[in-house]
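In what follows, a structure is listed as structure tokens, so that the remarks can point back to it.
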Amino acid sequence: MHVAGDGIDQILAPRSDVTVGDWLLLDQSDPSQSELLARKSLLKRRAPGKELQVQLIAANIDTAFIVSSCNQDFNIARLERYIALVLEAEITPVILLTKPDLTAEAEGYVSEAARISPDVEVLSVNARSQAPREMLAPWCKPGQTIGFLGSSGVGKSTLTNALIGHSKIATQAIREDDARGRHTTTSRRIHLLPEGGLVMDTPGMRELQLTDAASGISGLFADLEELAAQCKFRDCSHRAEPGCAVRAAVEAGVVDPERLARWRRLTEEEAINSASLSTRSGKRGPKGKAARKALRAKSGRRYNTP
Ligand SMILES: Nc1nc2c(ncn2[C@@H]2O[C@H](COP(=O)(O)OP(=O)(O)O)[C@@H](O)[C@H]2O)c(=O)[nH]1
Ligand SMILES: [Mg+2]
Ligand SMILES: [Zn+2]
């Protein structure tokens, strides 16, 4: 792993407990003993494949831009998955839709994304233009770290290049047939912005399995959780039980049945992953509290983006 700092620029042996964005108190005499400093935030997921392991994605991000494009990549369930991951870490999520220049339907994508949560801001920008720098400036202040998350090919490296002001990172044309990108960004790096902030490009994650993300999910689906608290049975699955407040809301047209299905899928998957992961800490905070607080704190603050 690469460490950089004031007068420091060196390669250390990788450590499984350290990820991109981490701060170390470097021990020059024995670098392997460098102290890992407390993190402001940590993004992690269940490692892809059969192994039951947690994979660290990035540390100390303040704002995570969940990047998707105005094309076949756009998927509400996947965006929700990323938002839950980000909220779990008490990071502010912002949805960023790229490639509005390649479609006449950009507005439709933006309004669909805006329906995910009234508390999650949605932006749309042509990553290849001059616009990202000015548009993202409110989040790129000194001391602030932003990160780009999303599938391959959506423009994360292009956005990073736009912010750092030159083409430091290779980007690659996506395959036209399915809008999928190739994995050009293989390592995760952090870059210092001219304005003083930090930006992290991340490789596309083909499979994002949530683990220990119950409060992130609760934060995003707080309205459904509140309804569920009114169900007759505490363990109501909201399928066929009598006295189900959630189903009643669906029947009254207040809750979108597809959103209910996505919430259920995410909750069930998260519970399975969290229960089976050997690294599970065993303790969980009050459900949803932290994530809800993160959303509330955020919604009071309005960013003046163009
Ligand atoms: N027209 C257009 N092309 C874009 C936009 N964003 C990304 N691209 C192109 O999409 C391809 C994939 O971008 P890249 O940054 O490598 O995606 P990454 O895998 O998310 O890092 C490249 O050819 C980019 O030039 C956009 O907003 N508009
Ligand atoms: Mg990339
Ligand atoms: Zn119910």
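The values are calculated or read from the model by the stated rules, or taken from the named source; none is laboratory data. Computed from a predicted structure; not experimentally measured. With ideal geometry, Cβ positions are generated from the backbone for all residues, glycine too; neighbour counts draw on all protein chains shown.
Of the residues making up segment 172-212, those that are of a type outside the set (Lys, Arg) and at pLDDT 55 or above number 23. Within segment 17-37, take every residue that is over 22 Å from Phe148 (Cα atoms) and small (Gly, Ala, Ser) and give me the one that is surrounded by the fewest Cβ atoms within 10 Å (Cβ to Cβ). It comes out as Ser29. Scoring Leu79 on the criteria (1) closer than 27 Å to Leu56 by Cα; (2) in contact with a Leu (Cβ under 9 Å, 6 or more places away or on another chain); (3) buried (at least 20 other Cβ atoms within 10 Å of the Cβ) leaves a single failure, condition (2). Based on what the data block shows, is Ile66 among the β-branched types (Val, Ile, Thr) and either buried (at least 18 other Cβ atoms within 10 Å of the Cβ) or in contact (Cβ under 8 Å) with a residue 60 or more places away in the chain (or both)? Yes; evaluated as a whole, the condition is true for this residue. Out of all the residues in segment 107-117, is one or more acidic (Asp, Glu) and over 13 Å from the mean Cα position of the chain (by Cα)? Checked segment 107-117: at least one residue is acidic (Asp, Glu) and over 13 Å from the mean Cα position of the chain (by Cα).
Could you check segment 44-71 and list, in sequence order, the residues that are more than 16 Å from Val18 (Cα to Cα) and at pLDDT 95 or above? Show your work before the answer.
Of the residues in segment 44-71, the ones more than 16 Å from Val18 (Cα to Cα) are 46, 48-52, 62-71.
Residues satisfying the conditions are Asp62, Thr63, Ala64, Phe65, Ile66, Val67, Ser68, Ser69, Cys70, Asn71.
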